[in-house]
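Here's the structure, in structure tokens; my notes come after.
The values are calculated or read from the model by the stated rules, or taken from the named source; none is laboratory data. Nothing here was measured: the structure is a model prediction, and the numbers come from that model. Don't worry about glycine lacking a Cβ; one is built from the backbone with ideal geometry, like all the others, and counts go over all protein chains shown. SASA here: full protein model, heavy atoms, side chains in, ligands and nucleic acids out. Shrake-Rupley method; radii C 1.70, N 1.55, O 1.52, S 1.80 Å.
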Amino acid sequence: MQNKLTPKNIILLLIVCFIPLLLFGIDLLARLLFDNFGIDLPIPGASSILRILALTGLYVLLAVGLNIVCGYTGLLDLGYVGFYLVGGYTVGLLMTRFGFSYWIALPLAVLNGAFWGLLRGVPTLRLTGDYFAIVTFGFAELLYQIVKNEEWLIGNVNGMVNDIPRASIFGIELDQNLYHYYHILILIALVVFVSYRLQHSRVGRAWVAIREDEQAAESMGINISRYKSLAFAVSAAIGALGGAFFTQLQSNLAVEVFEFWESILILCMVVLGGMGNIRGAIIGGIIIGSLGEVLRIVLGFNPQLADARFLIFGIILILLMRYRPDGLVFRKT
Amino acid sequence: MSVFLLQLINGLVQGGIYALIAVGYTMVYGIIQLINFAHGEIFMLGAYFALILVTATPLPFWAAVLLSMVFCAVLGMLIDYIAYRPLRNAPRLSALITAIGVSLTLLNLARMLWSSRQRTFPDDSKPAIFQSKIDLETGEVFNAIPLPDGAILPYTDIFIILLAVVLMFALNRLVHLTKIGKAMRACAQSPVAANLMGIKTNQVISVTFAIGSALGAVAGVMVGLREAIMPTMGYHKGIAAFAAAVLGGIGNITGAMLGGIIIGLAEAFGGGYISGGYKLAFAYVIMIVVILIRPSGLFGKSTAQRA
């Protein structure tokens, strides 16, 4: 991320904003070709591509969020999916049970995510390395088990929440993939902005100091507990924001979405981009997120192969740690 | 009463299996301070290897089990050689992420090769003592001890408990009486000092991986006899076994054995009396509580005992 709106960045921004227009243009062209000349171009429709892009955007959001704990404070979080789950179910239940509007449920989900982040973060403040990783993992698995088992809470077996209403804005229901695309784009912009401002502030410098040497940071007068807790809360809030958006993309929830491997997938994105690097997290999210979706579709002819597509991510993790431990995008901050 | 007895036996059997897996985690952690996430997958592959050998070849069951142990031992050493050894001096998080990568790779490889379907050992491939059944008409019980209230205690369960005890005892003797065991203990105390004393650290680590993986393979076959074989079995049982290793004080072999039994019993009684749906959660809760309150585990970690 550059500090200013350089021409290069503005062009990039415009391209991202006008991708849907381009896709619909291609769609129109393909239809014209088919109607007038009978040529059937083998390209997927704009709407399905936008859906993949929206989902990829969701992963970018989560990767930027995870990057705060993994990258800035240098702690390995293996349970990030737990906050994603909290956000998803907060919005899902508030909207279906209590008839909340999405625009009220969304900030509540973010707050709830931050709350759970603190709840998990405070007891683990003094843990480092493996032990921190294990506790975060166990925490997410516990949430998973609770959602799976507590029918009174969720109202259905296996954490099913169905028919979550769509958000609407000025009377327009946001039910098209086009809207999802812009929805996630705005959320990403917000999260990247917050993350960037934090990184280049007193807070961000304190985080990096803690990552590099906790004792030295403490002796320099940095309040370790406070800054670590802040990192946990912000990161968890972003995870919950992702979960909230997910309810809009899918309109139903099932607990299987929030399995442990999803955490690893997000971790893989952060590692690919290089931990502690917002740009890296974004690029990692785009690559891994879209790769996962494309593989799911390409391998769709064989469910067994599609099921095993995570194989690639395992290999990516091994190779990265071996040859590029700092990720593909250099410039460690 | 009968429910209690059944859960007790169930817990002990599960505990024995967890103990067999847990020593694999704990021995590796004791020496190179790495949580070998892939250990659960090795355990799963051990079950699959044995299953394939008995169904696709005319090999007898026991030969298949032995071969599967050898196979897993080699696989364990290979994983160490390819994935972990190059990272010996890298930050510990890198090795941990690599371990997760290996685990993810093996799990999905199994999915790709054998699908997510559950499998069991076909009845004709199992030795007679593992084929317990009740004749419904006469009420006669085969290969099992009848218990009050019509329940039975299959010989399989007794065998698993005995086998776990024997293997644990053998491992204990190996670590304390043999030269390689002494080398392992030395490496656990200080790899650098051990190296300076002429111990080939890398070889010792390889042997550690081999022993842990072979024991994991045995545990895999035992689970295959009692329950089902599927790609995710390594993940679920692996976590419970890891919780056992943490509970016993990671790096401590005796602790891992006792931790395994405790986790097994906690799951059996918790699942039986509190809530069946939360069976898996008990291990997680125990693991988190131990790490937060007493990270050195129940049985402490005196370095002399660690190996």
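How large, in percent, is the carbon and sulfur part of the accessible surface of region A:63-260 at a probe radius of 1.4 Å?
Ligands and nucleic acids excluded, carbon and sulfur reach 61 percent.
Using a 1.4 Å probe, what is the accessible area per residue for region A:63-260, in Å²?
Solvent-accessible surface per residue comes out at 40 Å².
Protein chains only, probe 1.4 Å: how do B:Lys126, B:Lys182 rank by accessible area, largest first?
From most accessible down to least: B:Lys182, B:Lys126.
Tell me, what is the FRET efficiency for B:Phe4 and B:Asn195 to the nearest 0.05, using R0 = 41 angstrom and their Cβ-Cβ distance as r?
0.20
Compare the Cα positions of B:Gly271, B:Leu96, B:Ile134 along the charge dipole of the protein assembly as shown (+1 at Cβ of Lys, Arg; -1 at Cβ of Asp, Glu; about the Cα centre) and return the one farthest towards the positive end.
Of the listed residues, the answer is B:Leu96.
Please list, in chain and number order, the residues 5+ apart from B:Ala144 or on another chain whose amide H is under 5 Å from its amide H, with Hs placed from the backbone.
Under 5 Å from the amide H of B:Ala144: B:Tyr155.
In degrees between 0 and 90, to the nearest 10, how far off the longest principal axis of chain A does helix A:278-298 point, with axes built from Cα atoms?
Here the helix axis deviates by roughly 40 degrees.
Let me have the 222 nm mean residue ellipticity of the protein assembly as shown computed from DSSP H runs of 4+ only, each contributing -39500 (n - 2.57), with the sum over all residues rounded to the nearest 500.
When only DSSP H runs of four or more count, the value is -23500 deg cm²/dmol.
Test of understanding: given chain A, find the longest segment containing no chymotrypsin sites (Phe, Trp or Tyr not before Pro) that are in a DSSP loop and have at most 12 other Cβ atoms within 10 Å.
That gives A:1-169 as the longest site-free run.
For region A:287-310, list whatever residues lose no less than 10 Å² of accessible surface once every protein chain is in place, relative to that chain by itself, with the probe at 1.4 Å.
Going by heavy-atom accessible area, the residues of region A:287-310 that drop by at least 10 Å² are A:Gln304, A:Leu305, A:Asp307, A:Ala308, A:Phe310.
Grab the beta carbon distance between A:Ile43 and B:Leu162, set R0 = 56 Å, and tell me the FRET efficiency rounded to 0.05.
It comes out at approximately 0.30.
Return the whole-Å distance between the Cα centroid of region B:183-258 and the Cα centroid of region A:208-281.
Taking the Cα centre of region A:208-281 as reference, the centre of region B:183-258 is 31 Å away.
Compute the accessible area of each residue in region B:84-109 twice, once for its chain alone and once with every protein chain present, using a 1.4 Å probe on heavy atoms, and list those whose area falls by at least 50 Å².
With the partner chains in place, region B:84-109 has these residues losing at least 50 Å²: B:Leu93, B:Ile97, B:Ile100, B:Leu104, B:Thr105, B:Asn108.
Give me the angle, in degrees from 0 to 90, between the Cα long axis of helix B:253-269 and the longest principal axis of the Cα atoms of chain B, rounded to the nearest 10.
Value to nearest ten degrees: 40.
Just name one of A:Ser47, A:Tyr102, A:Phe83: the one whose Cα is farthest towards the positive end of the charge dipole of the protein assembly as shown (beta-carbon charges, Lys/Arg +1, Asp/Glu -1).
A:Phe83
With a 10 Å cut-off between alpha carbons and a GNM built on chain A, which of A:Leu93, A:Leu253, A:Leu295 moves the most?
Between A:Leu93, A:Leu253, A:Leu295, it is A:Leu295 that shows the largest mean-square fluctuation.
Within the protein assembly as shown, count lysine pairs with alpha carbon atoms under 19 angstrom apart where the residues are 8 or more positions apart or belong to different chains.
Pairs that pass both the separation and distance tests number 6.
Any idea what angle helix B:201-226 forms with the longest principal axis of chain B, computed on alpha-carbon atoms, 0 to 90 degrees, nearest 10?
10
In nanometres, what is the gap between the two model label sites at A:Phe98 and B:Gln118, each 7 Å from Cα along Cα-to-Cβ?
3.9
Looking only at GluC sites (Glu not before Pro) in DSSP loops with at most 12 other Cβ atoms within 10 Å, what is the longest site-free stretch of chain B?
In chain B, the maximal stretch lacking such sites is B:141-307.
Find the centroid of the Cα atoms in region A:163-186 and in region A:189-205, then give the distance between the two in whole Å.
27
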